[in-house]
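Student: One structure, pasted below without further comment.
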Amino acid sequence: MRLERLAYDKMKIFLTYEDLEKRGITTDKTWAEVPVIDEMFQDMITEASEELNFDPEGPVVVEVFSIPAQGLVIIVTKTEDSLDDFEEPVIEWQIGLEQHEGALIFEFNDIEHVIQLSKVLHSREISEGALYHFKGSYFLKFEKENFEPETRKIITSVIREFASQTDISPHVLEEYGKVIIASMAVKHLHNYFS
């Protein structure tokens, strides 16, 4: 487990799948056994408060991002907002989008992940995208202008189950990457591999 203080009221916790297994949590039951998850979360907060001098008192917003084949990134932010108005605790999920001059770009370690994603996106009537290969990874690029803001959020959340966010720019991909499918990549991958 790695801890990092991002601001006075925010910290990041990175857990590899090995870390989760050491704590007795497999990916099969990660979200099924709430008491086990709650106990793990309390232990992480305690460790962070000691290591980073992070005061865990009061309401917090928890963001969890799954990074395929790597682990989980958990962002914990203390908030001044009161949760008293709610009958049940609320978890606020935020999707971080890289802003690359009108493009959404995702990195895949394996072409199989791209193929599986194409099936899911095709079922949601999404067929756009350009597929590149660069430095041993595959990159799927979507033009943001092709999607409404709500659709972009849905696409991003679905894709993050298969890929990780990248900071590579469209210009680098176009200049140095190998174009595999220049347009309608989701449609072509679905047609070829279904």
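Student: So which residues in the range 160-194 are surrounded by 12 or more Cβ atoms within 10 Å (Cβ to Cβ), basic (K, R) and touching a Phe, Trp or Tyr at 6+ places or on another chain (Cβ under 8 Å), if there are any at all?
Tutor: R160, the sole residue that qualifies.
Student: Let me ask you something else. I need every pair where a residue in the range 172-186 that is under 22 Å from L117 (Cα atoms) and without any contact (Cβ under 8 Å) to a residue 40 or more places away in the chain has its Cβ under 7 Å from the Cβ of a residue that is of a type outside the set (K, R) and buried (at least 17 other Cβ atoms within 10 Å of the Cβ), sequence separation at least 6 or different chains.
Tutor: none
Student: When you check I168 against the structure, is it among the aliphatic types (A, V, I, L, M), touching a His at 6+ places or on another chain (Cβ under 7 Å) and outside any helix (DSSP H, G or I), yes or no?
Tutor: No.
Student: When you scan the range 81-104, do you find a residue that is at pLDDT below 80, under 18 Å from the mean Cα position of the chain (by Cα), surrounded by 15 or more Cβ atoms within 10 Å (Cβ to Cβ) and more than 30 Å from K187 (Cβ to Cβ), even just one? Before you say what the answer is, go through the steps one by one.
Tutor: First, the residues of the range 81-104 that are at pLDDT below 80: 81-102.
Keeping just the survivors that are under 18 Å from the mean Cα position of the chain (by Cα) gives 91-100.
Pick out the ones that are also surrounded by 15 or more Cβ atoms within 10 Å (Cβ to Cβ) and you get 100.
Retained after the next criterion (residues that are more than 30 Å from K187 (Cβ to Cβ)): none.
No, every residue in the range 81-104 fails to be at pLDDT below 80, under 18 Å from the mean Cα position of the chain (by Cα), surrounded by 15 or more Cβ atoms within 10 Å (Cβ to Cβ) and more than 30 Å from K187 (Cβ to Cβ).
Student: Okay, next question. Go through the range 114-127 and give me each residue that's closer than 12 Å to I159 by Cβ and surrounded by fewer than 20 Cβ atoms within 10 Å (Cβ to Cβ).
Tutor: If the condition is that a residue be closer than 12 Å to I159 by Cβ and surrounded by fewer than 20 Cβ atoms within 10 Å (Cβ to Cβ), then Q116, V120, R124 are the ones that fit.
Student: Separate question: Evaluate the following for L121: is it touching a residue at least 60 places away in the same chain (Cβ under 8 Å), of a type outside the set (S, T, N, Q) and out of contact with any strand residue (DSSP E or B) (no Cβ under 9 Å at 6 or more places or on another chain)?
Tutor: yes
The values are calculated or read from the model by the stated rules, or taken from the named source; none is laboratory data. Computed from a predicted structure; not experimentally measured. Using ideal geometry, Cβ is built from the backbone for each residue, glycine included, and neighbour counts are taken over all protein chains shown.
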